[in-house]
Number of protein chains: 2
Amino acid sequence: MMKKSVLIVAAGSGSRMNHETPKQFLRLGDQPLLMHTIRRFYDFDPTISIILVLPFAYVETWNILCARHRFPIAHQLVTGGSERFYSVKNGLGKATASGLIAIHDGVRPLVTEALIKRCYDNAARHGSAIPVLKPDESLREINGNLSKPVDREKFRLVQTPQTFDAKLIKAAYHRDFQPEFTDDAAVYEAAGYAVHLVEGDAANIKITTPVDLIIAESLMSGSKT
Amino acid sequence: MMKKSVLIVAAGSGSRMNHETPKQFLRLGDQPLLMHTIRRFYDFDPTISIILVLPFAYVETWNILCARHRFPIAHQLVTGGSERFYSVKNGLGKATASGLIAIHDGVRPLVTEALIKRCYDNAARHGSAIPVLKPDESLREINGNLSKPVDREKFRLVQTPQTFDAKLIKAAYHRDFQPEFTDDAAVYEAAGYAVHLVEGDAANIKITTPVDLIIAESLMSGSKT
(Lines give C-alpha, C1' and ligand atoms only; values in the text may rest on other atoms or scores of the structure.)
Protein backbone atom coordinates (compact mmCIF):
# COMPACT_ATOMS: atom_id res chain seq x y z
CA MET A 1 0.00 0.00 0.00
CA MET A 2 1.21 3.50 -0.81
CA LYS A 3 2.06 5.91 1.98
CA LYS A 4 -0.71 8.46 2.57
CA SER A 5 -0.43 12.04 3.73
CA VAL A 6 -2.97 14.82 4.05
CA LEU A 7 -2.37 18.55 4.02
CA ILE A 8 -5.22 20.37 5.74
CA VAL A 9 -5.32 24.02 4.74
CA ALA A 10 -6.85 26.26 7.40
CA ALA A 11 -4.97 29.51 6.82
CA GLY A 12 -8.02 31.75 6.16
CA SER A 13 -9.12 34.66 8.31
CA GLY A 14 -12.87 34.07 7.93
CA SER A 15 -14.12 37.58 7.20
CA ARG A 16 -17.37 36.31 5.63
CA MET A 17 -18.66 34.85 8.90
CA ASN A 18 -19.38 38.22 10.61
CA HIS A 19 -17.34 36.73 13.38
CA GLU A 20 -14.11 37.55 15.16
CA THR A 21 -13.06 33.91 15.14
CA PRO A 22 -11.78 32.48 11.83
CA LYS A 23 -14.29 29.89 10.74
CA GLN A 24 -12.01 26.86 11.12
CA PHE A 25 -12.03 27.48 14.91
CA LEU A 26 -15.81 27.88 15.26
CA ARG A 27 -17.52 25.24 17.29
CA LEU A 28 -19.37 22.47 15.48
CA GLY A 29 -21.11 20.20 17.97
CA ASP A 30 -18.71 19.74 20.86
CA GLN A 31 -15.43 20.89 19.33
CA PRO A 32 -13.81 23.30 16.85
CA LEU A 33 -14.76 22.58 13.26
CA LEU A 34 -11.13 21.91 12.30
CA MET A 35 -10.85 19.04 14.77
CA HIS A 36 -13.70 17.25 12.98
CA THR A 37 -11.91 17.70 9.67
CA ILE A 38 -8.67 16.23 11.00
CA ARG A 39 -10.51 13.36 12.68
CA ARG A 40 -12.21 12.32 9.42
CA PHE A 41 -8.80 11.59 7.84
CA TYR A 42 -7.45 9.94 10.97
CA ASP A 43 -10.51 7.68 11.19
CA PHE A 44 -10.02 6.74 7.54
CA ASP A 45 -6.42 5.67 8.20
CA PRO A 46 -4.79 6.09 11.64
CA THR A 47 -1.32 5.72 10.05
CA ILE A 48 -1.82 8.77 7.83
CA SER A 49 0.65 11.71 8.07
CA ILE A 50 -1.24 14.90 8.88
CA ILE A 51 0.15 18.36 8.12
CA LEU A 52 -1.96 21.32 9.24
CA VAL A 53 -1.46 24.81 7.76
CA LEU A 54 -2.62 27.61 10.09
CA PRO A 55 -2.31 31.41 10.05
CA PHE A 56 0.79 32.38 12.08
CA ALA A 57 -1.39 34.55 14.35
CA TYR A 58 -3.52 31.55 15.39
CA VAL A 59 -0.91 28.91 16.21
CA GLU A 60 -1.11 29.78 19.91
CA THR A 61 -4.95 29.69 19.83
CA TRP A 62 -4.82 26.27 18.22
CA ASN A 63 -2.39 24.91 20.81
CA ILE A 64 -4.66 26.14 23.60
CA LEU A 65 -7.72 24.58 21.91
CA CYS A 66 -5.90 21.26 21.49
CA ALA A 67 -4.97 21.25 25.19
CA ARG A 68 -8.47 22.21 26.30
CA HIS A 69 -10.14 19.53 24.16
CA ARG A 70 -7.34 17.01 24.84
CA PHE A 71 -7.17 16.59 21.07
CA PRO A 72 -5.38 13.26 20.66
CA ILE A 73 -4.46 13.18 16.96
CA ALA A 74 -0.79 13.82 16.15
CA HIS A 75 -0.17 16.38 13.39
CA GLN A 76 2.58 18.64 12.14
CA LEU A 77 1.96 22.42 12.17
CA VAL A 78 3.02 24.75 9.36
CA THR A 79 2.16 28.44 9.04
CA GLY A 80 0.33 29.85 6.04
CA GLY A 81 1.12 32.51 3.47
CA SER A 82 -0.69 35.52 2.03
CA GLU A 83 -2.44 33.40 -0.64
CA ARG A 84 -3.76 29.85 -0.51
CA PHE A 85 -0.99 28.99 -3.02
CA TYR A 86 1.75 29.92 -0.53
CA SER A 87 0.00 28.09 2.30
CA VAL A 88 -0.09 24.88 0.28
CA LYS A 89 3.49 25.42 -0.87
CA ASN A 90 4.64 25.80 2.75
CA GLY A 91 2.76 22.64 3.69
CA LEU A 92 4.15 20.63 0.79
CA GLY A 93 7.62 21.70 1.85
CA LYS A 94 7.15 19.53 4.95
CA ALA A 95 5.59 16.59 3.08
CA THR A 96 7.45 13.52 1.98
CA ALA A 97 7.90 13.08 -1.78
CA SER A 98 6.71 9.48 -1.75
CA GLY A 99 3.19 8.05 -1.86
CA LEU A 100 0.01 10.05 -2.16
CA ILE A 101 -0.99 13.38 -0.69
CA ALA A 102 -4.50 14.76 -0.29
CA ILE A 103 -4.92 18.54 0.00
CA HIS A 104 -8.12 19.39 1.87
CA ASP A 105 -9.94 22.55 2.96
CA GLY A 106 -9.96 22.80 6.77
CA VAL A 107 -13.52 24.12 6.53
CA ARG A 108 -14.93 20.94 4.97
CA PRO A 109 -15.50 18.91 8.14
CA LEU A 110 -18.13 16.61 6.61
CA VAL A 111 -15.86 14.83 4.14
CA THR A 112 -16.78 11.14 4.19
CA GLU A 113 -14.60 8.05 4.39
CA ALA A 114 -16.03 6.95 1.01
CA LEU A 115 -14.91 10.17 -0.69
CA ILE A 116 -11.45 10.11 0.92
CA LYS A 117 -11.02 6.50 -0.25
CA ARG A 118 -12.19 7.32 -3.79
CA CYS A 119 -9.67 10.14 -4.01
CA TYR A 120 -6.66 8.14 -2.78
CA ASP A 121 -7.62 5.10 -4.91
CA ASN A 122 -7.94 7.15 -8.07
CA ALA A 123 -4.81 9.18 -7.40
CA ALA A 124 -2.91 5.90 -7.01
CA ARG A 125 -4.14 4.82 -10.45
CA HIS A 126 -4.17 8.12 -12.35
CA GLY A 127 -1.69 10.43 -10.56
CA SER A 128 -4.47 12.74 -9.40
CA ALA A 129 -8.11 12.71 -8.26
CA ILE A 130 -10.24 15.86 -8.16
CA PRO A 131 -13.76 15.50 -6.67
CA VAL A 132 -16.40 17.41 -8.63
CA LEU A 133 -20.18 17.80 -8.70
CA LYS A 134 -22.63 18.87 -11.38
CA PRO A 135 -24.26 22.19 -10.46
CA ASP A 136 -27.87 21.77 -9.30
CA GLU A 137 -28.79 25.15 -10.69
CA SER A 138 -28.69 26.99 -14.00
CA LEU A 139 -25.48 28.85 -14.66
CA ARG A 140 -24.87 32.26 -16.27
CA GLU A 141 -21.63 33.83 -17.45
CA ILE A 142 -21.09 37.50 -16.58
CA ASN A 143 -19.43 39.97 -18.91
CA GLY A 144 -19.45 43.50 -17.50
CA ASN A 145 -23.10 44.50 -17.16
CA LEU A 146 -24.24 41.69 -19.45
CA SER A 147 -24.70 38.01 -18.80
CA LYS A 148 -25.70 34.98 -20.80
CA PRO A 149 -26.89 31.46 -19.97
CA VAL A 150 -24.34 28.66 -20.35
CA ASP A 151 -24.98 24.91 -20.49
CA ARG A 152 -24.54 23.74 -16.90
CA GLU A 153 -24.00 20.15 -18.11
CA LYS A 154 -20.57 21.33 -19.30
CA PHE A 155 -19.48 22.63 -15.88
CA ARG A 156 -18.44 21.06 -12.58
CA LEU A 157 -18.07 22.54 -9.10
CA VAL A 158 -14.76 21.49 -7.57
CA GLN A 159 -14.40 20.16 -4.02
CA THR A 160 -11.52 18.82 -1.95
CA PRO A 161 -9.64 16.60 -1.03
CA GLN A 162 -7.73 17.07 -4.27
CA THR A 163 -5.35 14.14 -4.16
CA PHE A 164 -2.07 13.63 -6.00
CA ASP A 165 1.05 11.59 -6.45
CA ALA A 166 3.14 13.42 -3.82
CA LYS A 167 6.23 13.68 -6.05
CA LEU A 168 4.27 15.31 -8.91
CA ILE A 169 2.36 17.88 -6.86
CA LYS A 170 5.51 18.86 -4.97
CA ALA A 171 7.23 19.41 -8.32
CA ALA A 172 4.23 21.36 -9.65
CA TYR A 173 4.41 23.80 -6.73
CA HIS A 174 8.01 24.74 -7.72
CA ARG A 175 6.69 27.69 -9.64
CA ASP A 176 5.63 31.26 -9.05
CA PHE A 177 2.13 32.22 -8.01
CA GLN A 178 -0.37 33.10 -10.74
CA PRO A 179 -3.77 34.66 -9.94
CA GLU A 180 -5.52 31.83 -11.82
CA PHE A 181 -4.18 29.24 -9.34
CA THR A 182 -7.42 29.06 -7.36
CA ASP A 183 -6.97 25.40 -6.50
CA ASP A 184 -4.34 22.67 -6.55
CA ALA A 185 -5.66 21.09 -9.73
CA ALA A 186 -4.85 24.32 -11.61
CA VAL A 187 -1.24 24.29 -10.29
CA TYR A 188 -0.85 20.61 -11.18
CA GLU A 189 -2.09 21.24 -14.73
CA ALA A 190 0.18 24.25 -15.17
CA ALA A 191 3.06 21.78 -14.69
CA GLY A 192 1.78 19.80 -17.68
CA TYR A 193 -0.01 16.97 -15.86
CA ALA A 194 -3.61 15.93 -16.64
CA VAL A 195 -6.14 15.90 -13.81
CA HIS A 196 -8.50 13.00 -13.25
CA LEU A 197 -12.01 13.95 -12.08
CA VAL A 198 -13.97 11.78 -9.64
CA GLU A 199 -17.51 12.12 -8.29
CA GLY A 200 -17.70 14.47 -5.27
CA ASP A 201 -20.24 14.39 -2.45
CA ALA A 202 -23.08 16.89 -1.91
CA ALA A 203 -22.68 16.57 1.87
CA ASN A 204 -19.01 17.63 1.70
CA ILE A 205 -19.89 21.32 2.05
CA LYS A 206 -17.50 24.20 2.58
CA ILE A 207 -18.33 26.28 5.64
CA THR A 208 -18.18 29.89 4.49
CA THR A 209 -21.31 31.55 5.93
CA PRO A 210 -23.36 31.28 9.14
CA VAL A 211 -26.01 29.38 7.13
CA ASP A 212 -23.40 26.74 6.25
CA LEU A 213 -22.65 26.23 9.93
CA ILE A 214 -26.33 25.51 10.67
CA ILE A 215 -26.38 23.08 7.74
CA ALA A 216 -23.23 21.33 8.97
CA GLU A 217 -24.66 20.94 12.48
CA SER A 218 -27.70 19.16 11.08
CA LEU A 219 -25.76 16.95 8.69
CA MET A 220 -23.44 15.94 11.56
CA SER A 221 -26.29 14.94 13.82
CA GLY A 222 -28.12 13.28 10.90
CA SER A 223 -25.08 11.15 10.10
CA LYS A 224 -24.85 9.86 13.68
CA THR A 225 -28.40 8.50 13.84
CA MET B 1 -49.02 49.06 -6.40
CA MET B 2 -48.74 46.55 -9.25
CA LYS B 3 -50.73 43.34 -9.18
CA LYS B 4 -48.62 40.35 -8.12
CA SER B 5 -48.92 36.72 -9.20
CA VAL B 6 -46.74 33.70 -8.56
CA LEU B 7 -46.46 30.55 -10.63
CA ILE B 8 -45.18 27.68 -8.52
CA VAL B 9 -43.76 24.90 -10.69
CA ALA B 10 -43.97 21.48 -9.05
CA ALA B 11 -44.37 19.23 -12.09
CA GLY B 12 -41.30 17.04 -11.48
CA SER B 13 -41.37 13.33 -10.75
CA GLY B 14 -38.49 13.36 -8.25
CA SER B 15 -36.43 10.40 -9.45
CA ARG B 16 -33.26 11.63 -7.70
CA MET B 17 -34.72 11.21 -4.21
CA ASN B 18 -34.72 7.34 -4.20
CA HIS B 19 -38.30 7.76 -3.22
CA GLU B 20 -41.71 6.82 -4.62
CA THR B 21 -43.11 10.21 -3.67
CA PRO B 22 -42.12 13.16 -5.89
CA LYS B 23 -40.02 15.47 -3.74
CA GLN B 24 -42.50 18.36 -3.67
CA PHE B 25 -44.86 16.13 -1.62
CA LEU B 26 -42.26 14.93 0.90
CA ARG B 27 -42.83 16.05 4.43
CA LEU B 28 -40.80 18.94 5.79
CA GLY B 29 -41.57 19.52 9.45
CA ASP B 30 -45.32 19.07 9.86
CA GLN B 31 -46.49 19.30 6.24
CA PRO B 32 -45.60 18.60 2.59
CA LEU B 33 -42.70 20.68 1.35
CA LEU B 34 -44.85 22.33 -1.32
CA MET B 35 -47.22 23.80 1.28
CA HIS B 36 -44.28 25.65 2.85
CA THR B 37 -43.35 27.06 -0.55
CA ILE B 38 -46.86 28.34 -1.22
CA ARG B 39 -47.14 29.78 2.30
CA ARG B 40 -43.97 31.84 1.89
CA PHE B 41 -45.55 33.78 -0.98
CA TYR B 42 -48.91 34.07 0.75
CA ASP B 43 -47.23 35.42 3.92
CA PHE B 44 -45.36 37.96 1.80
CA ASP B 45 -48.64 39.25 0.31
CA PRO B 46 -52.01 37.65 1.15
CA THR B 47 -53.56 39.29 -1.94
CA ILE B 48 -51.17 37.50 -4.33
CA SER B 49 -52.62 35.26 -7.11
CA ILE B 50 -51.16 31.77 -6.78
CA ILE B 51 -51.03 29.33 -9.71
CA LEU B 52 -49.67 25.85 -8.95
CA VAL B 53 -48.42 23.55 -11.73
CA LEU B 54 -48.59 19.85 -10.79
CA PRO B 55 -48.07 16.59 -12.71
CA PHE B 56 -51.48 15.39 -13.96
CA ALA B 57 -51.00 12.09 -12.10
CA TYR B 58 -50.67 13.87 -8.73
CA VAL B 59 -53.60 16.28 -8.76
CA GLU B 60 -55.72 13.82 -6.79
CA THR B 61 -52.89 13.26 -4.26
CA TRP B 62 -52.55 17.01 -3.81
CA ASN B 63 -56.27 17.46 -3.23
CA ILE B 64 -56.21 14.73 -0.58
CA LEU B 65 -53.15 16.31 1.10
CA CYS B 66 -54.83 19.73 1.12
CA ALA B 67 -57.93 18.26 2.76
CA ARG B 68 -55.92 16.28 5.31
CA HIS B 69 -53.80 19.30 6.30
CA ARG B 70 -56.77 21.72 5.99
CA PHE B 71 -54.51 23.79 3.78
CA PRO B 72 -56.16 27.21 3.84
CA ILE B 73 -54.43 29.08 1.01
CA ALA B 74 -56.45 29.55 -2.20
CA HIS B 75 -54.63 28.66 -5.39
CA GLN B 76 -55.40 27.72 -8.98
CA LEU B 77 -54.26 24.29 -10.24
CA VAL B 78 -52.76 23.69 -13.68
CA THR B 79 -51.24 20.44 -14.95
CA GLY B 80 -47.66 20.22 -16.18
CA GLY B 81 -46.07 19.21 -19.47
CA SER B 82 -43.25 16.89 -20.52
CA GLU B 83 -40.61 19.62 -20.04
CA ARG B 84 -40.38 22.44 -17.52
CA PHE B 85 -40.92 24.82 -20.47
CA TYR B 86 -44.39 23.38 -21.18
CA SER B 87 -45.31 23.38 -17.50
CA VAL B 88 -44.51 27.09 -17.22
CA LYS B 89 -46.27 27.78 -20.52
CA ASN B 90 -49.42 26.03 -19.24
CA GLY B 91 -49.26 28.03 -16.03
CA LEU B 92 -48.72 31.34 -17.82
CA GLY B 93 -51.77 30.56 -19.93
CA LYS B 94 -53.86 30.98 -16.76
CA ALA B 95 -52.05 34.11 -15.56
CA THR B 96 -53.27 37.63 -16.11
CA ALA B 97 -51.20 39.79 -18.47
CA SER B 98 -51.03 42.71 -16.07
CA GLY B 99 -48.67 43.38 -13.20
CA LEU B 100 -45.74 41.19 -12.18
CA ILE B 101 -45.36 37.44 -12.10
CA ALA B 102 -42.79 35.42 -10.16
CA ILE B 103 -41.96 31.90 -11.39
CA HIS B 104 -40.69 29.76 -8.53
CA ASP B 105 -39.49 26.16 -8.07
CA GLY B 106 -41.92 24.24 -5.87
CA VAL B 107 -38.91 22.55 -4.25
CA ARG B 108 -37.43 25.79 -2.86
CA PRO B 109 -39.48 26.03 0.34
CA LEU B 110 -36.97 28.27 2.16
CA VAL B 111 -37.35 31.34 -0.04
CA THR B 112 -37.41 34.39 2.24
CA GLU B 113 -39.69 37.39 2.30
CA ALA B 114 -36.65 39.61 1.68
CA LEU B 115 -35.76 37.76 -1.51
CA ILE B 116 -39.37 37.72 -2.79
CA LYS B 117 -39.58 41.48 -2.18
CA ARG B 118 -36.25 42.13 -3.92
CA CYS B 119 -37.42 40.22 -6.99
CA TYR B 120 -40.81 41.97 -7.32
CA ASP B 121 -39.28 45.40 -6.63
CA ASN B 122 -36.58 44.97 -9.25
CA ALA B 123 -38.93 43.45 -11.81
CA ALA B 124 -41.20 46.51 -11.36
CA ARG B 125 -38.24 48.76 -12.14
CA HIS B 126 -36.35 46.70 -14.76
CA GLY B 127 -38.92 44.33 -16.31
CA SER B 128 -37.21 41.27 -14.83
CA ALA B 129 -35.30 40.14 -11.73
CA ILE B 130 -33.23 36.96 -11.68
CA PRO B 131 -31.69 35.98 -8.31
CA VAL B 132 -28.11 34.71 -8.61
CA LEU B 133 -25.23 33.71 -6.33
CA LYS B 134 -21.47 33.54 -6.82
CA PRO B 135 -20.26 29.93 -6.68
CA ASP B 136 -18.45 29.11 -3.42
CA GLU B 137 -16.26 26.60 -5.17
CA SER B 138 -13.83 26.47 -8.07
CA LEU B 139 -15.40 25.74 -11.42
CA ARG B 140 -14.18 23.59 -14.31
CA GLU B 141 -15.47 23.34 -17.85
CA ILE B 142 -15.79 19.85 -19.32
CA ASN B 143 -15.03 19.01 -22.93
CA GLY B 144 -15.30 15.28 -23.63
CA ASN B 145 -12.64 13.59 -21.47
CA LEU B 146 -10.83 16.86 -20.88
CA SER B 147 -11.59 19.71 -18.54
CA LYS B 148 -10.09 23.09 -17.73
CA PRO B 149 -10.40 25.57 -14.88
CA VAL B 150 -12.53 28.66 -15.53
CA ASP B 151 -12.66 31.89 -13.52
CA ARG B 152 -15.56 31.40 -11.10
CA GLU B 153 -15.81 35.16 -10.57
CA LYS B 154 -17.32 35.30 -14.07
CA PHE B 155 -20.12 32.84 -13.29
CA ARG B 156 -23.33 32.91 -11.27
CA LEU B 157 -25.62 30.13 -10.07
CA VAL B 158 -29.25 30.96 -10.85
CA GLN B 159 -32.09 30.58 -8.34
CA THR B 160 -35.80 31.35 -8.37
CA PRO B 161 -38.19 33.23 -8.05
CA GLN B 162 -37.39 34.61 -11.50
CA THR B 163 -39.74 37.55 -11.69
CA PHE B 164 -41.04 39.41 -14.74
CA ASP B 165 -43.41 41.96 -16.15
CA ALA B 166 -46.34 39.56 -16.75
CA LYS B 167 -47.06 40.88 -20.24
CA LEU B 168 -43.46 40.39 -21.41
CA ILE B 169 -42.93 36.87 -20.05
CA LYS B 170 -46.28 35.71 -21.42
CA ALA B 171 -45.24 37.07 -24.83
CA ALA B 172 -41.81 35.41 -24.54
CA TYR B 173 -43.41 31.99 -23.98
CA HIS B 174 -45.22 32.27 -27.34
CA ARG B 175 -42.44 30.32 -28.98
CA ASP B 176 -41.39 26.74 -29.52
CA PHE B 177 -39.36 24.81 -27.01
CA GLN B 178 -35.57 24.81 -27.41
CA PRO B 179 -33.31 22.47 -25.41
CA GLU B 180 -31.31 25.48 -24.14
CA PHE B 181 -34.39 26.87 -22.35
CA THR B 182 -33.35 25.56 -18.93
CA ASP B 183 -34.93 28.45 -17.07
CA ASP B 184 -37.35 31.33 -17.62
CA ALA B 185 -34.58 33.91 -17.97
CA ALA B 186 -33.35 32.09 -21.08
CA VAL B 187 -36.86 32.16 -22.65
CA TYR B 188 -37.24 35.85 -21.80
CA GLU B 189 -33.89 36.65 -23.42
CA ALA B 190 -34.71 34.64 -26.52
CA ALA B 191 -37.58 37.10 -27.02
CA GLY B 192 -35.05 39.94 -27.12
CA TYR B 193 -35.46 41.29 -23.57
CA ALA B 194 -32.51 41.91 -21.22
CA VAL B 195 -32.51 40.20 -17.82
CA HIS B 196 -31.69 42.08 -14.65
CA LEU B 197 -29.71 40.09 -12.05
CA VAL B 198 -30.28 40.53 -8.31
CA GLU B 199 -28.51 39.00 -5.30
CA GLY B 200 -29.90 35.55 -4.39
CA ASP B 201 -29.90 33.90 -0.98
CA ALA B 202 -27.72 30.96 0.10
CA ALA B 203 -30.54 29.60 2.28
CA ASN B 204 -32.92 29.42 -0.70
CA ILE B 205 -31.82 25.89 -1.54
CA LYS B 206 -33.39 23.55 -4.08
CA ILE B 207 -34.41 20.20 -2.59
CA THR B 208 -33.08 17.59 -5.00
CA THR B 209 -31.44 14.92 -2.81
CA PRO B 210 -32.09 13.36 0.61
CA VAL B 211 -29.18 15.44 1.98
CA ASP B 212 -31.01 18.61 0.91
CA LEU B 213 -34.06 17.55 2.88
CA ILE B 214 -31.97 17.20 6.08
CA ILE B 215 -30.47 20.62 5.40
CA ALA B 216 -33.91 22.17 4.85
CA GLU B 217 -35.22 20.71 8.13
CA SER B 218 -32.40 22.35 10.05
CA LEU B 219 -32.67 25.70 8.29
CA MET B 220 -36.43 25.72 8.95
CA SER B 221 -36.02 25.08 12.66
CA GLY B 222 -33.08 27.51 12.80
CA SER B 223 -35.19 30.27 11.27
CA LYS B 224 -37.95 29.80 13.86
CA THR B 225 -35.71 30.31 16.91
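Data table
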{"quantity": "Karplus 3J(HN,Hα) series, Hz, for region A:117-126 with 6.51 cos²θ - 1.76 cosθ + 1.60 (x for Gly, Pro)", "calculated": "4, 4, 5, 5, 4, 6, 5, 5, 8, 10"}
{"quantity": "Residue among B:LYS148, B:LYS206, B:LYS134 with the largest mean-square fluctuation in a Gaussian network model of chain B, springs linking Cα atoms under 10 Å", "calculated": "B:LYS148"}
{"quantity": "Peptide-level mean, for B:207-217, of C-beta atoms on other protein chains within 10 Å", "calculated": "4"}
{"quantity": "Cα pair distances of the protein assembly as shown binned at 10 Å [whole percent]", "calculated": "4, 20, 28, 23, 16, 8, 1"}
{"quantity": "Only Lys, Arg (+1) and Asp, Glu (-1) charged, at Cβ; chain A dipole about Cα centre in debye", "calculated": "380 debye"}
{"quantity": "Under 14 Å, Cβ to Cβ, from B:ASP176 - net charge with Lys/Arg +1 and Asp/Glu -1", "calculated": "0"}
{"quantity": "Longest site-free stretch - chain B; sites: GluC sites (Glu not before Pro), DSSP loop, at most 14 other Cβ within 10 Å", "calculated": "B:84-179"}
{"quantity": "Computed lengthening from B:GLN178 to B:HIS69, 0.36 nm per intervening residue step minus Cα-Cα distance", "calculated": "35.4 nm"}
{"quantity": "Residue-by-residue Karplus 3J(HN,Hα) for region A:156-168, coefficients 6.51, -1.76, 1.60, Hz, glycine and proline x", "calculated": "9, 8, 9, 10, 10, x, 7, 10, 9, 4, 4, 4, 5"}
{"quantity": "Solvent-accessible area, 1.4 Å probe, carbon plus sulfur percent, for chain B", "calculated": "50 percent"}
{"quantity": "Fully extended contour minus Cα-Cα distance, from B:SER98 to B:LYS167, at 0.36 nm per residue", "calculated": "24.2 nm"}
{"quantity": "Peptide-level mean, for B:196-203, of C-beta atoms on other protein chains within 10 Å", "calculated": "3"}
{"quantity": "Shielding by other protein chains, B:75-85, mean Cβ within 10 Å", "calculated": "0"}
{"quantity": "Computed E for B:LYS117/A:ALA57 - FRET, C-beta separation, R0 35 angstrom, nearest 0.05", "calculated": "0.30"}
{"quantity": "Of all chain B residues, the one whose C-beta is nearest the axis that brings B onto A, in angstrom", "calculated": "B:SER218, 1"}
{"quantity": "At 7 Å out from Cα toward Cβ: A:VAL59 inter-copy label distances (nm, ascending)", "calculated": "7.1"}
{"quantity": "Among the listed pairs A:LYS206/B:LYS154; B:LYS3/B:LYS167; A:LYS3/A:LYS89, those beyond 18 Å (Cα-Cα)", "calculated": "A:LYS206/B:LYS154; A:LYS3/A:LYS89"}
{"quantity": "Cleavage-rule hits, trypsin sites (Lys or Arg not before Pro), region A:60-102, DSSP coil, Cβ neighbours within 10 Å at most 12", "calculated": "A:ARG70"}
{"quantity": "Check: region A:157-216 dipole with +1 on Lys, Arg Cβ and -1 on Asp, Glu Cβ, in debye", "calculated": "180 debye"}
{"quantity": "Where B meets A: accessible area buried, both sides, 1.4 Å probe, Å²", "calculated": "3400 Å²"}
{"quantity": "Label point 7 Å beyond Cα along the C-beta direction, distances from A:GLN178 to other copies (nm, shortest first)", "calculated": "3.4"}
{"quantity": "Chain B: relative contact order as a whole-number percent, Cα under 8 Å and 6+ apart", "calculated": "23 percent"}
{"quantity": "With DNA, RNA and ligands ignored, accessible area of A:MET2 (1.4 Å probe; Å², nearest 10)", "calculated": "90 Å²"}
{"quantity": "Exam field: A:GLY144 pseudo-label spacings to other copies (7 Å along Cα-Cβ), nanometres", "calculated": "3.5"}
{"quantity": "Whole-Hz ³J(HN,Hα) from phi, Karplus 6.51 cos²θ - 1.76 cosθ + 1.60, for region B:21-37, glycine and proline x", "calculated": "6, x, 4, 5, 9, 5, 7, 10, x, 9, 8, x, 2, 5, 5, 4, 4"}
{"quantity": "Beta bridges per DSSP with both ends in region A:1-100, % antiparallel, nearest 5", "calculated": "15 percent"}
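The values are calculated or read from the model by the stated rules, or taken from the named source; none is laboratory data. Not measured: the values here are computed from a predicted model. FYI the Cβ positions are ideal-geometry reconstructions off the backbone, even for glycines, and counts take in every protein chain you see. For accessibility, only protein heavy atoms count, side chains too; no ligands or nucleic acids. Shrake-Rupley method; radii C 1.70, N 1.55, O 1.52, S 1.80 Å.
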